[in-house]
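Below is one structure, written out as structure tokens, with a few remarks after it.
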Amino acid sequence: MAQKSANEQDAIFAEEALVVEVQGLLHEIMEEKGISRADLARAMNVSRPRITQIFSDDCKNFTIRLLAKAMFALNEVPQFSRAKNEAIDFDKMNFDPQAADFKRVRWTEVFAEELKGDWACANDNIFDGLAVTRRAKASYGIAA
Amino acid sequence: MPSMKKPKDDSLEIIESDVLDGRHETRDVIRRVMRKDFDTLDDQKRARLIAIMMRWCQGVGMTREMFNANEGRTAKHNKMLQAFKAFKVRLYGISISVGDRRTFIIFDADTAKKQNKADPNILKRAKSRVDKFLDDYEKKEKGNGPEKRK
């Protein structure tokens, strides 16, 4: 199995954290209101297995539309907020890959053929929106 | 990826464990002998388990797919075994107070489950590990003198 980069691992952790958070939130509301999964299925006009699917580990086919439907059925209004990922502290970022804390901050590491085997790194915040290889070039001051 | 912090306090040395999640007043720790089992799980399983452990630490509700609060009691110390669950992986442990912090200690894992039902042999082994641990822990605590006991 190919080894995942730290960035890919972070993405998986972020994804699972949100899935667990949403499942936990629905569960809490249902507990609080004494609503069973069968009740929720009826209120949402979906099958009981569909509700089981929402709470499953895979959590497949749990769309935003279905979440909206569930929240409406529970007589709740979802509110979304965001927060800066604590793992990314751009102020403390150092562009030197040899720096001791290089591995501790989140960088986009790319391998670009154009750079003839050199490892390139770029700060997602600065080069946001650029293609990966262009980011790599930009980080080295090469015209994209 | 949440970092696997090294223990900084003596209480974790006494229970020979590493912290898996400890961002709150409570924490989840794993016995060092079990660490390899956890670390070799694939990323998605570890990620979901860590996210579930965070909820345990926060003291918020968990679904029956995430946590089983009753996996039966141990024979000697009558301690309730509990389990974190994700993708058919179960991490068995108990909740006790260690160094003044509510701590979930993981003693055993069923990482190769083929079905939803718990493997009775692993359950039995987990309970026996808990009992043995509590025997040793009590001795260590007594060794520290009554004034240090929590």
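Miscellaneous remarks
- Of all the listed residues (B:SER97, B:SER128), the sole one being assigned to a helix (DSSP H, G or I), among the small types (Gly, Ala, Ser) and more than 30 Å from A:THR52 (Cβ to Cβ) is B:SER128.
- Leading residue by the ranking (nearest to the other protein chains (Cβ to nearest Cβ)) among those in segment A:40-87 that are among the aliphatic types (A, V, I, L, M) and part of a loop (DSSP other than H, G, I, E, B): A:ALA87
- Residue under evaluation A:VAL20, criteria (1) within 23 Å of B:LYS45 (Cα to Cα); (2) more than 7 Å from chain B (Cβ to nearest Cβ); (3) in a helix (DSSP H, G or I), criterion not met: (2)
- Within segment A:23-39, the set of residues being surrounded by 15 or more Cβ atoms within 10 Å (Cβ to Cβ), more than 27 Å from the chain's Cα centre (by Cα) and either hydrophobic (A, V, I, L, M, F, W, C) or within 8 Å of chain B (Cβ to nearest Cβ) (or both) comprises just one member, A:ILE35.
- Single condition B:GLY59 does not satisfy, out of (1) within 12 Å of another protein chain (Cβ to nearest Cβ); (2) modelled with pLDDT under 90; (3) in contact with a Ser or Thr (Cβ under 8 Å, 6 or more places away or on another chain); (4) surrounded by 19 or more Cβ atoms within 10 Å (Cβ to Cβ): (4)
- Verdict on A:ASP101 being within 30 Å of B:LEU41 (Cα to Cα), charged (D, E, K, R) and modelled with pLDDT of 70 or more: no
The values are calculated or read from the model by the stated rules, or taken from the named source; none is laboratory data. Note that the coordinates shown come from a computational prediction; the quantities given were computed from them, not determined experimentally. Cβ atoms come from the backbone with ideal geometry, glycine included; neighbour counts cover every protein chain shown.
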